[in-house]
Amino acid sequence: MAERKKRLSKVFNYFCAEDPFAGGVAFCSGCPLELTLRFTAKVLGRDIVIVGTPSCSAPVLYGQNIGSWHKLAYYSCLMTGVASSATGITRYYRKIGKDITVVCFTGDGCAADVGFQPLSGAAERDEHFIYICYDNEGYMNTGIQRSSTTPFGSSTTTTPVGVARRGKETMAKNLPLIMAMHKPPYVATATLSHLEDFAKKLLKAKEKKNEGLAYIHVFSPCPTGWGVATDMTIEVCRMAVRTNFFPLWEAERGRFRLTHTVAQPRPITEYTKLIRKYRHLTPEELDRLQREVNENYALLRHLTQLGEQA
Amino acid sequence: MKAKGKGEVKVITGNAAAAYGAMLCRPDVVASYPITPQTEVVEQLSRFHADGLLDAEMVEVEGENSAMNIVAAAAIAGGRVFTATSSWGLAFMYDAVLQASGFRAPVVMVNVNREMPGILAVSSGQQDMICTRDSGWIQIVVENCQEILDSVIMAYRLAEDFEIQLPVMVNYDGFYLSYLAEAVHIPDREDVDAFLAPLKEQPERTKLVPGEPLGCGTHGILEGFMELRYKHCAAMERAKKKFDEIDQQFGEFFGRSYGGQIEEYRMEDAEIVLLTSGSACGTAKAVVDRKREEGLKVGLVKLRMFRPFPREKLTQVLRGRRAIGVIDRSVCFGWNCGPIYMELRALTPEIGPVPLLSFIDGLANMDITVPHIERVIDTTWAAARGEPYQEVTWIPLEE
Amino acid sequence: MVKLKIYTKYEAGWSNADESFLCLDTGSWRTQRPVVDKEKCIYCGLCALYCPTQCMLDKGDHFVPNLDFCKGCGICAQECPRKAISMVAEGEFQE
């Protein structure tokens, strides 16, 4: 008989409410968004107002006629209007004396591209809400197109691999860093392999949003779009952290600190080999990707050192 | 019921009048973004706020698209809201404008008419109003600075009415009214509170509340979608009569009324009709008076409500006339005529095959002058007498 | 006067979970299902935490999937630290 742990993982202690979503909702098998949404709702509680956008999450967040897939209050937007609608809702409630918890839940296509302007404006104005961006590195709901956070070399339907082209030519935008440069009260990166880290960041965001924007960037591998086996979602998250492709950090008004340090970062190939969208990459292209990872991490290290000195 | 206070008369610009109108109605959330010729509206509101006269959440946004999303969402959360824009800004916020009307958010916005891009122009024109005529908003057009202030107040009564719940756009000519200073009577705030008080006695509209399982913006599927569109159209229909009632009550309360959907000027025995909207009506009334002195039986119909289109009122007032001349301050692409003229043509089955003439004038700050209007009336009178006429006349371009 | 069918009491596109709470039959999607070996399970709960559909049911000393909603992704089996879960093809089960 195996030795039994007497207690469940302490992550369970972070849940303050039941899952408000229906048992069966329209996310792909193994989708990280489904876990992120259910997890976030259980950690933050029932009286959050979700602001959503057309995306992979829209078929679940938005209802169908009178019916709804979950018990939360929500407001549906177009991609251009998420951060601004959240601003309108929270400003009205502040006027009547209530600092409610509004959570924007969008993908990278909205946050980094078409919805970036209002997000940037809201961050600069210290608006009081939480903005969660799930970064699945593309426009997935429309069938896997590239966005500005799609990494170099990725094969997508608008950056396909063929004789004339070899996937996306440019490096990804470092959106969490860009948001941190607005110096809002709280910016953090998180992923699903490190759930306690994520839960802590959600709670910190809930507290910090009373001073201004709290932004969390969640690394979300898309099994369907990236070519990852449905059971490998969490492992891909873990490997992204272990290779420093996606370091876990937080920044409060521009003061950075790492929330998880990787002692021996693995080479990026250990990450890319799990993902089919990179399978065409040559050793030179993989080197470029590795250099980008190294440079990004070096910059982050500098910023965290400055954060320690301040 | 009558207003109790005296108010005060100030010489202020049209933009300032709009700002006063909004300030008196105590909005909860105001979104500000500058664009000529509207900028003074948001400057004035910011000034009111800084001086403690306006207790609102002021949001200096980074673009008009955000401005509309902010006020629409705040209205759905239950608030009273205000913003202002013009031409390009209106175009930039277009997706949010559709959202506001589709969500039935009672937003009140002033749109200071300016030519739409395509040809760069920082000048007056009604093309921006025309570009949004199918947005599902209620659209009003006004003639002078007093009417701007009064219409903003009436707009809140209309937008937030439980039977309406539609966003209202108050249009006024950029440059002609925005920067024109006139003597304007500013009512006391308590009187405006009293005029808007009937809204509090109505049932509460559906709101977004944390903790309640209500979501705004569900996917409309088949009949569910059609039903919502139907309800939206039905609400627009109700807005016509409601607007007339509100205008009448405003008249009883403040001593000024404007006729509701349309104003009829010297129309009782008019044989020919001049129809136009906006600041040109002021000049048009003077020309109608002059022509009347010469013995011509001409009258003016001032179009105040553009959306919903005052079909019944216009049918009633235009029936039995000998010719109708419409001055448009915009164009209808694809029909090669003025847009209001084009909409009037749709009434022909009801008003009969009377000569209808389209006059395009006043684009990009071209003045619609007394001689122009005289020419319009003369041409319309010639058509009434059975002479051959040109359907569309671009007044400033023709010899 | 036309009589119309009414689909919603609201004037605009509101949904109300109390009036209509939707649910998909996602259990019918899967082609394999998790089978938990109670003896190997150490009741850490990682399968329940990592399950995207959050369908793992707490049985006091081990977890089992709610087959109404389990999509068969296999994350629970992959993440289990004791390899107490195996994914078995649906065809193996007669229902």
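So which residues in the range A:11-26 are more than 7 Å from every other protein chain (Cβ to nearest Cβ) and within 20 Å of the chain's Cα centre (by Cα), if there are any at all?
First pass over the range A:11-26, keeping only residues more than 7 Å from every other protein chain (Cβ to nearest Cβ): A:13-18, A:20-21.
Residues satisfying the conditions are A:Tyr14, A:Phe15, A:Phe21.
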- Counting only residues that are surrounded by fewer than 20 Cβ atoms within 10 Å (Cβ to Cβ), in contact with a Phe, Trp or Tyr (Cβ under 7 Å, 6 or more places away or on another chain) and free of Cβ contacts under 8 Å to residues at least 60 places away in the same chain, the range B:285-315 contains a total of 1
- Name the pairs whose Cβ atoms lie under 6 Å apart, with the first residue in the range B:209-238 and more than 21 Å from B:Glu163 (Cβ to Cβ), the second aliphatic (A, V, I, L, M) and in a helix (DSSP H, G or I), and 6 or more positions between them or separate chains? B:Gly220/B:Leu228
- Just give me the residues in the range C:31-54 being facing chain A (nearest Cβ under 7 Å) and surrounded by 17 or more Cβ atoms within 10 Å (Cβ to Cβ), in sequence order. C:Ile42, C:Tyr43, C:Cys44, C:Gly45, C:Leu46, C:Leu49, C:Tyr50, C:Pro52, C:Thr53, C:Gln54
- Message: Suppose we keep only residues that are under 20 Å from the mean Cα position of the chain (by Cα) and part of a loop (DSSP other than H, G, I, E, B) within the range A:75-106. Which one would you say is farthest from A:Gly138 (Cα to Cα)?
- Response: A:Cys77
- Message: Given the criterion modelled with pLDDT of 95 or more, at negative phi, surrounded by fewer than 21 Cβ atoms within 10 Å (Cβ to Cβ) and within 14 Å of another protein chain (Cβ to nearest Cβ), identify the matching residue among B:Glu57, B:Glu43, B:Glu62, B:Glu8.
- Response: B:Glu62
- Query: If you check A:Leu8, A:Leu72, A:Leu35, A:Leu44, which single one turns out to be of a type in the set (A, V, I, L, M, F, W, C), over 27 Å from C:Trp29 (Cβ atoms) and either more than 19 Å from the chain's Cα centre (by Cα) or facing chain C (nearest Cβ under 10 Å) (or both)?
  - Reply: A:Leu8
- Query: Within the set of pairs 6 or more residues apart or between chains, which connect a residue that is modelled with pLDDT under 95 inside the range B:92-120 to a residue that is of a type in the set (Asp, Glu) and outside any strand (DSSP E or B) with Cβ atoms less than 7 Å apart?
  - Reply: B:Met116/B:Asp128
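If I filter the range A:47-69 down to residues being assigned to a loop (DSSP other than H, G, I, E, B) and among the hydroxyl-bearing types (Ser, Thr, Tyr), which single residue comes out as nearest to the other protein chains (Cβ to nearest Cβ)?
So the residue we want is A:Tyr62.
Could you go through the range B:70-80 and let me know if any residue there is closer than 21 Å to B:Gly125 by Cβ, crowded, with 20+ Cβ neighbours inside 10 Å and either in contact with a helix residue (DSSP H, G or I) (Cβ under 6 Å, 6 or more places away or on another chain) or more than 14 Å from chain A (Cβ to nearest Cβ) (or both). Steps first, answer last, please.
Pass one, the range B:70-80, residues closer than 21 Å to B:Gly125 by Cβ: none.
No, the range B:70-80 contains no residue that is closer than 21 Å to B:Gly125 by Cβ, crowded, with 20+ Cβ neighbours inside 10 Å and either in contact with a helix residue (DSSP H, G or I) (Cβ under 6 Å, 6 or more places away or on another chain) or more than 14 Å from chain A (Cβ to nearest Cβ) (or both).
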- If we scan the range A:85-103, do we find a residue that is touching a residue at least 40 places away in the same chain (Cβ under 8 Å), over 17 Å from B:Asn65 (Cα atoms) and in contact with a Leu (Cβ under 8 Å, 6 or more places away or on another chain)? yes
- Message: Return the residues of the range A:107-135 that are within 19 Å of A:Lys204 (Cα to Cα) and within 13 Å of the chain's Cα centre (by Cα); say none if nothing qualifies.
- Response: A:Ile130, A:Tyr131, A:Ile132, A:Cys133, A:Tyr134
- Item | The listed residue being over 17 Å from the mean Cα position of the chain (by Cα) and within 14 Å of chain A (Cβ to nearest Cβ), out of B:Arg256, B:Arg229 | B:Arg229
- Task: Quick one: which residue in A:Glu235, A:Glu252 is in contact (Cβ under 8 Å) with a residue 40 or more places away in the chain, among the charged types (D, E, K, R) and away from every other protein chain (no Cβ under 14 Å)?
- Result: A:Glu252
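Name the residues in the range C:70-95 that are assigned to a loop (DSSP other than H, G, I, E, B), facing chain A (nearest Cβ under 7 Å) and either buried (at least 21 other Cβ atoms within 10 Å of the Cβ) or without any contact (Cβ under 8 Å) to a residue 24 or more places away in the chain (or both), would you?
First pass over the range C:70-95, keeping only residues assigned to a loop (DSSP other than H, G, I, E, B): C:70-74, C:80-84, C:93-95.
Retained after the next criterion (residues that are facing chain A (nearest Cβ under 7 Å)): C:71-74, C:82.
Within the range C:70-95, C:Lys71, C:Gly72, C:Cys73, C:Gly74 meet the criteria.
Looking at B:Asp161, B:Asp128, B:Asp134, B:Asp95, can you tell me which residue is assigned to a helix (DSSP H, G or I) and surrounded by fewer than 24 Cβ atoms within 10 Å (Cβ to Cβ)?
Checking each option against the conditions leaves just B:Asp95.
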- Task: Determine whether the range A:24-39 contains at least one residue that is over 30 Å from A:Arg146 (Cα atoms), crowded, with 19+ Cβ neighbours inside 10 Å and touching a residue at least 12 places away in the same chain (Cβ under 8 Å).
- Result: no
- Task: For the range A:133-154, name all the residues that are crowded, with 23+ Cβ neighbours inside 10 Å and not in a loop (DSSP other than H, G, I, E, B).
- Result: A:Cys133, A:Tyr134, A:Asp135, A:Tyr139
- Query: Can you find even one residue in the range A:102-112 that is of a type in the set (Asp, Glu) and surrounded by fewer than 24 Cβ atoms within 10 Å (Cβ to Cβ)?
  - Reply: no
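Of the residues C:Leu22, C:Leu67, C:Leu57, only one is within 10 Å of chain A (Cβ to nearest Cβ) and without any contact (Cβ under 8 Å) to a residue 60 or more places away in the chain; which?
On the way: C:Leu67 fails: within 10 Å of chain A (Cβ to nearest Cβ); C:Leu57 fails: within 10 Å of chain A (Cβ to nearest Cβ).
After applying the criteria, what remains is C:Leu22.
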- Got at least one residue in the range A:11-23 being assigned to a strand (DSSP E or B), within 21 Å of A:Leu195 (Cα to Cα), hydroxyl-bearing (Ser, Thr, Tyr) and modelled with pLDDT of 95 or more? no
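The values are calculated or read from the model by the stated rules, or taken from the named source; none is laboratory data. The model shown is predicted, which means the values in this text are computed figures rather than measured ones. Cβ atoms come from the backbone with ideal geometry, glycine included; neighbour counts cover every protein chain shown.
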